[in-house]
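Novice: Here it is, the structure, as C-alpha cells.
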Amino acid sequence: MNRINYLGFRIMDYGFRNLGFLLIVITFLSCKQKSKVTYSKDVAPIIYKNCTSCHRPGSAGPFPLVSYNDAAKRSKMIASITKSRRMPPWPADNTYTHFTDENVLSKEEINLLQQWAEAGAPVGDANHVPKAPSYTASILGKPDLVVKMPEAFKIKGDNTDHFMFMKVPFEIPRDTFVRAIEFVPGNKALVHHVNGHLIRYQYDKKKNVNDGEKIVDSQAYPVKELYEKLKLANDDGSYPLLKSSFVNYLPGVLPTMYPDGIGGFSLNRKNAILLKDIHYGPSPIDTTDQSYFNIFFAKEAPKRPTLEMQLGTLGISEIIPPLIIPPNEVKTFYTRAVAPRDMSVLTINPHMHLLGKTFWAFAITPKGDTIPLIRIQKWDFRWQYFYTFKKIVKIPRGSLITVIATYDNTRNNPENPFNPPQLVQERNGSMRTTDEMLQFIITYLPYQPGDENISLAKEANGE
Ligand code: HEC
C-alpha cells in the first residue's frame, strides 16, 4: 500500500513536472508568436506614415516602398538606413523643437524595422496588409491659375547636380490677391529643391515681362550677371521689389497654407516668379523638366500679411567673425538681431551650403528666458526645410535672436567641394555651392494676444 502510494505519488509528480515543462514551452512559443514582427502588423504602418510620401512611383525617392515586395526585398537596407537615421530625412532635432510635417522615427519603430529584417521580412497575415495611402494631386484643392515654366529645362545625363536660376513670367487681366502658391515639380525624381521669389512689376515700368533668358546656370555667373541675363530689371534699369521665399519645395513636403486670415499677398497684372534657385539632382540620362505653379486666389486683401526677418548673409545682422573658413578648420560663427516688436513666428529657414556642420537658433527674452527655435546637429545640405511651428511661437520685443553655426572645412566632411580643402567664404550672397552662406529667415506676424494658441498644423486647417 505504502509502496503503491509512493509509486503513485512518484508517477503523478513526474507527470506534473512534465506538464509544467510543457506549459513553459507553450507559453514561450506563444509569446514568441505574439512578438514576431510582421509587415502587415508592424512595418507597413511605419512605411506608409514615414516613407511613401517620397518613395512611391513618380516621386523623389529612388524606388517605391509601396508594396510588401518593394519593402521586403530591401528590408536590410531599410533597417540600416533607419538605424543611422539617414532616412527619413529630417535634420532638425526633435528633442529641441517640433514642427508640422515632422518626420522622425521613434526608437521603437527603428527597432521593429531591425527585428523585421533579421526575421527575414515576414509578411504576417497577408490578407490584412493595410492599404497604402493615396496621394491627391494637390492637398489645397483646385487652383485658380496654373503657371508653367515657359520652356522645359533639358537636364543633361552627366550625373551631376544642377543649380539653376529660372524666370517664370506671367500676366493676369487685373490685380488680385493670392492665398497660396504651390510648386509642382514636372520631373519629381530630379527636382530636389526650389526657393521661389515673386516680382510684381508696376504696369508702366516693364513693357515685356517675357524678354530675357528664362533659365541660367546659377553656378556659372555672379548673381548680378544672372539677373541681367534674365532681364529682371524694369525698363529704366531700376529693380522692382522682390517678395522673397513665397514658395518653397522639397520632396515630401506639403505646401504651406496658413490658417484663414494669415498670410497671402497681392498680384499685379505683370509678374514673374524667380526661382533662386532650383536644384536638380544628378541624372544618368538626358531628360527634361517642366514644372508648374498652382495659384490659389483670395477674395480679399490679406488681413494679416506675413513679414520676414533675415539674419546673416544679405540680412540685417552681421556674421561674427566674418564668414571666412580657412582650409582644414572647423569654425563657429554667430549672428544675432533684436526682435523689433512682439513677433508671432510661423516658419523658420536655416540656410548654409556644403561645409555646414551644425546650426542652432534661439531667442533670449529681456527677462532672460530662452525660447528654443531650432537645433540641427547634423546639417544636410540637401534637406533644407522651411520649418513651420506646430503652434505660433511668440518672441517678445527686445529679445536677442541668436544663431550659432559651425562649418567643417576639413577632409572629414564628405560634402567638402574641394580636395584638398581650400579657403571658402561668403561672396556677396553667391549661391554657388563652393561659396558659403549663413542665413536664417524668420516668417512672422506682428503679435496679437492669443496668437500662441493658433495651430499651424495642416490637419487643423481642414485641408
Ligand atoms: C522626404 C522624402 C523622403 C522620405 C520621407 C524618405 N525618403 Fe528615402 N530617399 C529619398 C531620396 C531623395 C533618396 C535618394 C538618396 C538621397 O537623396 O539621400 C532616398 C534614398 C533612400 C534609400 C537608399 C539610400 C542609398 O544609399 O541608396 C533608402 C533605403 C531609403 N531612402 C529608405 C527610406 C525609408 C525606409 C524611409 C522611411 C522610413 C524613407 N526612405 C523616407 C527621399 C525620402
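Novice: Need one word for the stretch 201-348: rounded, prolate or oblate. Basis is the Cα gyration tensor (sqrt eigenvalues a ≥ b ≥ c); a/c below 1.5 gives rounded, then a/b vs b/c decides. Don't skip to the end; give the middle numbers.
Specialist: Numbers: a/c = 1.41, a/b = 1.09, b/c = 1.29.
Rounded is the answer for the stretch 201-348, as its axis ratio a/c remains below 1.5.
Novice: Related question: Could you rank THR332, THR97, THR434 by how accessible they are, 1.4 Å probe, largest area first? Please report the intermediate quantities before stating the final value.
Specialist: Details: THR332 75, THR97 15, THR434 50 Å².
I get THR332, THR434, THR97, largest accessible area first.
Novice: Another one. Between ILE81 and GLU329, what is 0.36 nm times their sequence separation minus the Cα-Cα distance? Round to one decimal in nm. Don't skip to the answer; put the middle values down first.
Specialist: Values: separation 248, 0.36 × 248 = 89.28 nm, distance 2.90 nm.
Residue separation times 0.36 nm, minus the Cα-Cα distance, leaves 86.4 nm.
Novice: Quote the charge dipole size of the stretch 307-461 about the Cα centre in Debye, to the nearest 20; the model charges only the Cβ of Lys and Arg (+1) and of Asp and Glu (-1).
Specialist: Working: 16 positive and 14 negative charges, 41 e Å.
Charge dipole, the stretch 307-461, about its Cα centre: 200 debye, nearest 20.
Novice: Further question: Hull surface divided by four, with the convex hull built on the Cα atoms of the stretch 39-128: how many nm²?
Specialist: Values: hull surface 24.1 nm².
Orientation-averaged projected area of the Cα hull: 6.0 nm².
Novice: If you stretched the chain out fully between LYS36 and TYR203, how much longer would it get, using 0.36 nm times the residue separation minus the C-alpha to C-alpha distance? Kindly include the intermediate steps, with their values, before the conclusion.
Specialist: Details: separation 167, 0.36 × 167 = 60.12 nm, distance 6.76 nm.
Using 0.36 nm per residue and subtracting the Cα-Cα distance, I get 53.4 nm.
Novice: Using the Kyte-Doolittle scale, find the helices of the chain whose mean hydropathy is at least 0.0 and whose Cα atoms extend 30 Å or more along the helix's long axis, counting only whole DSSP H runs. Don't skip to the answer; put the middle values down first.
Specialist: Working: long enough: 2-35 (49 Å, 0.35).
Length and hydropathy pass: 2-35.
Novice: Right, next: Using alpha-carbon pairs under 8 Å, 6+ residues apart, how would you state the relative contact order of the stretch 313-463 in percent? Kindly include the intermediate steps, with their values, before the conclusion.
Specialist: Details: 349 pairs, mean separation 55.7, N = 151.
Rounded, it is 37 percent for the stretch 313-463.
Novice: Further question on the same structure: Across the stretch 345-358, in residue order, what do the Karplus-derived ³J(HN,Hα) couplings come to in whole Hz, using 6.51 cos²θ - 1.76 cosθ + 1.60 with θ = phi - 60° and x for Gly and Pro?
Specialist: Once θ is set to phi - 60°, the couplings for the stretch 345-358 become 7, 9, 9, 10, 9, x, 9, 9, 9, 6, 8, x, 10, 9 Hz.
Novice: Further question: Under a Cβ-only charge scheme (Lys and Arg +1, Asp and Glu -1), can you give me the dipole magnitude of the chain about the Cα centre, in debye to the nearest 20? Write down the numbers at each step before the final one.
Specialist: Numbers: 56 positive and 45 negative charges, 249 e Å.
Taking the Cα centre of the chain as origin, the dipole is about 1200 debye.
Novice: Follow-up. Give me a comma-separated list of calculated 3J(HN,Hα) values for the stretch 181-189, in order, Karplus coefficients 6.51, -1.76, 1.60 applied at θ = phi - 60°, integers in Hz, x for any Gly or Pro.
Specialist: Result, rounded to whole Hz: 10, 10, 8, 10, x, x, 9, 5, 6.
Novice: How much length is gained on full extension from ASN210 to ASN234, taking 0.36 nm per residue of separation minus their Cα-Cα distance?
Specialist: Details: separation 24, 0.36 × 24 = 8.64 nm, distance 1.21 nm.
Here the segment from ASN210 to ASN234 would lengthen by 7.4 nm.
Novice: Just read off the accessible area of ILE172 with the full protein assembly in place, 1.4 Å probe, to the nearest 10 Å².
Specialist: 20
Novice: Here is a follow-up. Direction-averaged shadow area of the convex hull around the Cα atoms of the chain, nm²?
Specialist: Numbers: hull surface 127.9 nm².
Quarter of the Cα hull surface area: 32.0 nm².
Novice: Can you pick out the pairs among LYS107/LYS243; LYS154/LYS224; LYS76/LYS131; LYS41/LYS142 whose Cα atoms lie more than 30 Å from each other? Please list the in-between numbers first.
Specialist: Values: LYS107/LYS243 41 Å; LYS154/LYS224 24 Å; LYS76/LYS131 23 Å; LYS41/LYS142 36 Å.
In this structure, LYS107/LYS243; LYS41/LYS142 lie more than 30 Å apart at Cα.
Novice: Next up: Beta carbons within 10 angstrom, averaged per residue: use that to sort the peptides 58-64, 370-376, highest first. Display every interim value, and only then the final one.
Specialist: Numbers: 58-64: 14.9, 370-376: 18.7.
Order by mean packing, descending: 370-376, 58-64.
Novice: With a point put 7 Å past each Cα toward its Cβ, work out how far THR434 is from LYS131 in nm, to one decimal.
Specialist: For THR434 paired with LYS131, the spin-label model returns 5.3 nm.
Novice: Would you check the accessible area of VAL37, probe 1.4 Å, heavy atoms only, in square angstrom rounded to 10?
Specialist: Approximately 10 Å² of VAL37 is accessible to the 1.4 Å probe.
Novice: Order the peptides 354-363, 263-272 from the highest to the lowest mean number of other Cβ atoms within 10 Å of their residues. Each step should come with its number before you reach the end.
Specialist: On the way: 354-363: 22.2, 263-272: 20.5.
Final packing ranking: 354-363, 263-272.
Novice: Can you compute the helix-only [θ] at 222 nm over the chain? Use -39500 (n - 2.57) per DSSP H run of at least 4 residues, normalise by all residues, nearest 500 deg cm²/dmol. Each step should come with its number before you reach the end.
Specialist: Details: 6 runs with 75 residues, N = 463.
Taken over the chain, the calculation gives -5000 deg cm²/dmol.
Novice: Kirkwood hydrodynamic radius for the stretch 307-461: how many Å is it when counted over pairs of different Cα atoms? Don't jump to the answer; show the numbers that get you there.
Specialist: Values: mean 1/r = 0.0616 Å⁻¹.
Final number for the Kirkwood radius of the stretch 307-461 is 16.2 Å.
Novice: Towards the positive end of the charge dipole of the stretch 145-298, with charges on Cβ (+1 Lys, Arg; -1 Asp, Glu), say which of VAL216, PRO240, TYR292 has the farthest Cα.
Specialist: The residue sitting farthest along the positive end of the dipole is PRO240.
Novice: Per-residue accessible area for MET77 at 1.4 Å probe radius, Å² rounded to 10?
Specialist: Spelled out: MET77, probe radius 1.4 Å, area about 110 Å².
Novice: At a 1.4 Å probe radius, which order do HIS162, HIS353, HIS98 fall into by accessible area, largest first? All intermediate terms of the calculation are to be shown ahead of the outcome.
Specialist: Numbers: HIS162 30, HIS353 5, HIS98 95 Å².
Highest to lowest solvent-accessible surface, that is HIS98, HIS162, HIS353.
The values are calculated or read from the model by the stated rules, or taken from the named source; none is laboratory data. Owing to the predicted nature of the structure, the values given are computational and were not obtained by experimental measurement. All Cβ positions, even for glycine, are placed from backbone atoms using ideal geometry, and neighbour counts span all protein chains on display. With ligands, DNA and RNA removed, areas are computed over all heavy atoms of the protein, side chains included. Shrake-Rupley method; radii C 1.70, N 1.55, O 1.52, S 1.80 Å.
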